[in-house]
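Step one of this worksheet: look at the structure below.
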Amino acid sequence: MLKRKNSLKILDKTSKAKIIIKKLKKENKNIPIILVPTMGALHQGHLSLIKKAEKYNGIIIVSIFVNPIQFNDKNDLKNYPNTLRADIEKLKELGVDYLFLPTVKDIFNSSFQTTVSVNELQKFLCGKHRPGHFNGVSTIVLKLFNIINPDIAVFGRKDFQQLAIIKRMVIDLNLDIKILEGEIIREESGLALSSRNKLLTKKNYEIAQNIYQGLMFIRSEFKKGKKSSVQLKRLLVTFYQSKGIRNIEYINIVDRNSLIDSKTVRTGNIIAVAIKLGKIRLIDNLKF
Ligand code: PAF
């Protein structure tokens, strides 16, 4: 029995983490190491990833690291919520085995200069609007993989481009890691859980409830027979505008693996949106 409540151990240094994980691997040969990478401000979405990990009866390591190199906007980084104490309580409650909690200095030495770039997949969707973001993500994820050496890692489908990029990186760089995908967890209204929801004003929080409603509306139009991507996207713009959503960064309907735009929408395609409400940027997606 591996899990005990409140047995969470904190690994606050890369060197320490590497030593402990080597030992764990030696002592538990047939037990998988499962990594759930996060940037903290844990909500039910993260907790569902941990619950998914639990099904694999392994040693669960959650990382909390607000990765500066994936923020293309300095204010976004500055304002990123930090709820470390509450996060630790949640991890204890769930019986997580280890929390990897490194500092920025520990992860990025002063001469750091190497980046991992998944060249094509990062050109679409969020990548177009957040220069450098996905290089930052793939670099930190590969570093976490190298430090923790997991057999399994879990990522959420809300960041579906991130997920596609990480899956590609795992294949391209021959990493022996199984990637598990966690469902999008939503509030009752349908709003996708995000650490950034906390930063919305009351009014924008109300407006944000329509992001998912719009996606559902478009999917129902698709099911009724509308297959033109241009037409469906136009309908969504009109829907969002009628709900007070004016700043639409993108609406795209894409192939879920290549992320290339579909002109004629097919079952299995993904509609992905990025919306700005005030200064807060929210993303969501839905499968047709
Ligand atoms: O999805 C996130 O929280 C981050 O992008 C990740 C994967 C932890 C990398 O910093």
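Miscellaneous remarks
- 15 Å beta-carbon shell around Leu180, net charge (K/R +1, D/E -1): +1
- Mean separation of Cα contacts under 8 Å, 6 or more apart, over the residue count of segment 151-258: relative contact order %: 21
- Local net charge near Asn197, Cβ-Cβ under 15 Å (Lys/Arg +1, Asp/Glu -1): +3
- Amide H contacts of Arg256 (H built 1.01 Å from N, under 5 Å, at least 5 apart or other chain): Ile270
- Each of Asp176 and Lys287 was given a label point 7 Å from its Cα along the Cα-to-Cβ line. The distance between the two points is 2.9 nm.
- Inter-site label distance for Lys128 and Arg234 at 7 Å from Cα along Cβ, in nm: 1.8
- Helix 229-242 vs. the chain, principal-axis angle (Cα, 0 to 90°, nearest 10): 90
- Acute angle (nearest 10 degrees) that the helix 14-27 long axis makes with the longest principal axis of the chain, alpha-carbon atoms: 70
- Backbone amide hydrogens, once placed in the peptide plane, bring Asp97 within less than 5 Å of Ile60, excluding anything fewer than 5 places away on its chain.
- Euclidean distance between Cα centres, segment 164-193 to segment 95-146, Å: 15
- Listed peptides 131-138, 85-92 by packing density, highest first (mean Cβ within 10 Å): 131-138, 85-92
- For peptides 192-201, 231-240, sequence by mean Cβ density within 10 Å, most packed first: 192-201, 231-240
- Residue pairs, from the table Lys52/Lys279; Lys123/Lys202; Lys9/Lys178; Lys202/Lys276; Lys74/Lys276, whose Cα atoms sit over 22 Å apart: Lys52/Lys279; Lys123/Lys202; Lys9/Lys178
Each reported figure results from applying straightforward, stated rules to the coordinates on display, with no laboratory input. In this text, all values refer to a predicted model and were calculated from it rather than measured experimentally. Virtual Cβ from ideal backbone geometry, glycine too; neighbours counted across all protein chains shown.
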